[in-house]
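Before any comments, here is the structure.
Every number here is computed from the coordinates shown, using simple stated rules; none is lab data. It should be emphasised that the depicted structure is a prediction, and the values quoted were computed from it without experimental measurement.
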Amino acid sequence: MEATGNNSNRPQSGRPHKITEWGQRMLKRTVRQLFAVSIAKDLQTTCGLQISTTTLCRELHGMGFHGRVGASKPYITKCNAKR
């Protein structure tokens, strides 16, 4: 509370997020093996969200999803493990 004595909400700085919390949960469910373009089209048809792929990638990075793939490791048998 400032010196004015008014405790009402003040206008917030910045633009509000395009994706709400509900949209983020929907995005997290659909993200597994798809590309950003197909995810954007899927969200547009199911949820009615008009969202660009750049915004989508930014949201995914914020959620902890990055475009990395685990290194493929050869199958190690007991025989090879002894060597």
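Annotations for the structure displayed:
- Length available on full extension from M63 to C79: 0.36 nm per residue minus the Cα-Cα distance, which gives 1.6 nm.
- Rg/Rg_ref, the chain, where Rg_ref = 2.2 N^0.38 Å and atoms are Cα: 1.86
- Rg and Dmax of region 21-68, Cα atoms only, in Å: 9.6, 29
- Every helix of 4 or more DSSP H residues in the chain counts as -39500 (n - 2.57), and over all residues that averages to -13000 deg cm²/dmol at 222 nm.
- Acute angle (nearest 10 degrees) that the helix 53-63 long axis makes with the longest principal axis of the chain, alpha-carbon atoms: 80 degrees
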